[in-house]
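Shown next, in structure tokens, is the structure this report addresses.
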Amino acid sequence: MRCYHGNILTVNANDDVARYLVEDGGKIVYVGNEVPEKYAGVSVMELGEKALVPSFADTHQHFASFSTFFAGLNVMDAESNEEISEMVRDFVKRSSAKTLIAFGASPYSVRERRLISREELDAVCPDKEIMVVKYDGHACIVNSKLLAKMDGKVKDLRGYHPDTGEMNQEAFFKFSDYISGSLSLIEMVSNMQNAVDFYATRGIGMVHTVSGIGFAMNMDITFEKIFAKSLTNGFQIRVFPQPMDLRVAQSRKLPRIGGCFESALDGCFGSHDAAMNEPYSDEEGGNGVLYYSDEKVIEFCKKANRAGLQIEMHAIGDRAFDQATRALKAALDDYPRKDHRHGIIHDCLPTEEGIRICSEYGIQMPVQSAFINWKQEPDEYLERIMGHERWMRLNPLKTFLSNGITVSFGSDAPCTTPDPISWIDRAVNNANESEAVSVRDALRMCTYNGYWTTFDEKERGSLEEGKTADMVILSADPYTVDKKDIGKIRVEKLILSGKDYESCREPVLKAVCRGLTSKSRY
């Protein structure tokens with residue numbers, strides 16, 4: 001049993017701030033401003049100027065992909081392709097892997113204003129296969145050795161560009177499949193363990209992962225389910241299978257379906273394939289790519305909704321957002337459900353009509369405030385490709401809230417590094433002040449709303465009596481610091497089920513065996 005004294009930010013229905021919280025056996029047994037007599041002798045942890053908040057939830061990421069890329073080379077912070085080349089050169093020297101993976105290259109954040117080329121990769125990595133994945137996870141650049149290995153399988157596919165080494169669309173997926181297939185079970189699970197330990201340093205106690213791409217027979221979904229069930233340190237994983245085939249979810253007894261890739265309705269701004277109602281404003285023009293017809297998406301949503309599954313779909317451009325809202329509306333008109341918690345992921349450029357539908361039909365939104373003022377896809381680039389008026393409508397968090405829509409935050413990792421403090425900072429200090437939200441609202445989006453999204457709010461997400469003691473100690477109280485200093489707050493400790501976070505590192509076989517028999521949620 002332990003008592004915490006200080007700034008207790010409960011994130012309950014009233015956003016109460018309490019002075020005391022008592023935990024016993026992994027459960028919260030008291031929250032209030034005076035310690036009851038029966039707890040008078042309990043050991044007290046003084047928080048001082050720090051704050052105790054609920055553990056954070058990341059409501060949209062690609063766990064298997066992030067785990068793989070996190071074990072590779074992160075080039076997101078590079079200022080030039082020359083710097084990326086030097087990073088790759090050093091990585092080659094210290095890595096024993098046959099095939100190397102780097103992630104985070106962007107043509108918009110380097111001096112050259114272009115992606116690194118196959119020729120540049122060959123100069124620093126001629127003897128090993130290497131794939132450098134673009135920051136948005138929708139394209140890659142490969143060197144000549146890897147291209148030679150895969151050329152016969154990709155040369156007739158859409159998105160094949162051997163001159164520069166850039167592969168996107170169908171060609172990119174084929175290279176992604178190759179990389180995924182090269183991983184052993186031991187490597188995959190070990191990478192997942194390292195990733196969870198990293199999340200803990202950011203105060204994250206739960207992730208929602210969308211999976212089902214690049215692995216034979218969707219084995220990444222199976223591996224993630226087994227891994228989620230294997231955990232004994234209190235960390236929570238909720239798996240969304242991305243294929244639009246309901247059997248993929250139902251055969252694994254998963255109550256939810258959807259995500260990106262196969263259940264993505266469009267692409268992204270960085271590749272000019274986010275589906276737009278009006279053409280892009282720059283020299284490339286076009287309306288992007290809407291991957292499916294309305295009929296196909298509506299059919300999928302109707303079947304999934306009637307099967308009792310929770311649905312989520314990727315929509316970035318306004319045309320895709322409209323399609324998602326039409327499809328979910330059609331499904332719920334066909335078979336009404338009161339507490340479905342269907343969602344649309346990203347919601348970068350919504351429309352008034354789509355927002356109205358989401359409000360009326362209770363459609364929730366796992367969004368990425370990390371995309372606001374994003375170095376890899378900067379504002380000046382977004383304004384150039386879509387014009388000022390549309391740029392001003394991006395990521396309208398305050399508009400969502402004013403329409404009663406439940407918003408949660410996610411990283412879309414590996415596209416951005418999971419960091420809830422940064423999510424709060426971006427949401428509160430949005431350069432578009434008309435869409436900035438309060439610190440209290442932003443904290444709720446990172447905590448309670450994230451757990452609510454997957455029906456976990458009765459157990460977690462707020463600091464209330466009877467709930468699991470999943471908590472984070474922050475270096476300062478976000479409710480009282482100057483909002484401009486939110487980004488300086490540090491996560492000092494993650495507490496799960498009342499215990500200081502314990503690493504999930506253990507022998508892979510032992511973890512897998514436990515995961516195969518455990519009855520834990522996933």
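The values are calculated or read from the model by the stated rules, or taken from the named source; none is laboratory data. For clarity, every value in this text was computed on a predicted model and none was experimentally measured. When we count neighbours, we look across all protein chains shown, and the Cβ atoms used for this are built from the backbone with ideal geometry, even at glycine.
Conditions tested, residue by residue: (1) modelled with pLDDT under 95; (2) under 17 Å from residue 56 (Cα atoms); (3) in contact with a His (Cβ under 7 Å, 6 or more places away or on another chain).
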residue: 472; (1), (2), (3): no, yes, no
residue: 484; (1), (2), (3): no, no, no
residue: 513; (1), (2), (3): yes, no, no
residue: 517; (1), (2), (3): yes, no, no
Examine the range 330-353 for a residue that is hydroxyl-bearing (Ser, Thr, Tyr) and either modelled with pLDDT under 95 or in a helix (DSSP H, G or I) (or both), and state whether such a residue exists. no
Name the single residue that is surrounded by the fewest Cβ atoms within 10 Å (Cβ to Cβ) among those in the range 324-352 being within 21 Å of residue 291 (Cβ to Cβ) and out of contact with any helix residue (DSSP H, G or I) (no Cβ under 6 Å at 6 or more places or on another chain). 326
Answer yes if at least one residue in the range 473-493 is in contact (Cβ under 8 Å) with a residue 24 or more places away in the chain, part of a loop (DSSP other than H, G, I, E, B) and within 27 Å of residue 364 (Cα to Cα), and no otherwise. yes
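Collect the residues in the range 368-404 that are of a type in the set (Gly, Ala, Ser) and surrounded by 20 or more Cβ atoms within 10 Å (Cβ to Cβ), keeping them in residue-number order.
369, 370 - these are the residues of the range 368-404 that are of a type in the set (Gly, Ala, Ser) and surrounded by 20 or more Cβ atoms within 10 Å (Cβ to Cβ).
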One residue is enough: does the range 11-20 have a residue meeting the conditions within 23 Å of residue 449 (Cα to Cα), in contact (Cβ under 8 Å) with a residue 24 or more places away in the chain and β-branched (Val, Ile, Thr)? yes
Can you give me the number of residues within the range 276-287 that are within 20 Å of residue 376 (Cα to Cα) and at pLDDT 95 or above? 2
I'd like to know if the range 268-281 contains one or more residues that are among the polar types (S, T, N, Q) and touching a helix residue (DSSP H, G or I) at 6+ places or on another chain (Cβ under 7 Å). yes
Residue identified as touching a strand residue (DSSP E or B) at 6+ places or on another chain (Cβ under 8 Å), among the aromatic types (Phe, Trp, Tyr) and either closer than 17 Å to residue 314 by Cβ or buried (at least 22 other Cβ atoms within 10 Å of the Cβ) (or both) among 269, 227: 227
In the list 495, 473, which residue meets the criterion of being closer than 29 Å to residue 429 by Cα, out of contact with any Gly (no Cβ under 8 Å at 6 or more places or on another chain) and not assigned by TED's automatic domain parsing to the domain that holds residue 9? 495
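Here is a yes/no grid of residues against (1) more than 15 Å from residue 203 (Cβ to Cβ); (2) part of a helix (DSSP H, G or I):
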position: 389; (1), (2): yes, yes
position: 395; (1), (2): yes, no
position: 405; (1), (2): yes, no
position: 421; (1), (2): no, yes
position: 426; (1), (2): yes, yes
position: 440; (1), (2): yes, yes
Just to be sure before I move on: is residue 389 of a type in the set (D, E, K, R), over 30 Å from residue 33 (Cα atoms) and touching a helix residue (DSSP H, G or I) at 6+ places or on another chain (Cβ under 6 Å) in the structure I sent? no
By my count, helices (runs of 4 or more DSSP H) wholly in the range 84-199 with at least 2 residues that are within 25 Å of the chain's Cα centre (by Cα) and either touching a residue at least 60 places away in the same chain (Cβ under 8 Å) or surrounded by 16 or more Cβ atoms within 10 Å (Cβ to Cβ) (or both) are 169-181
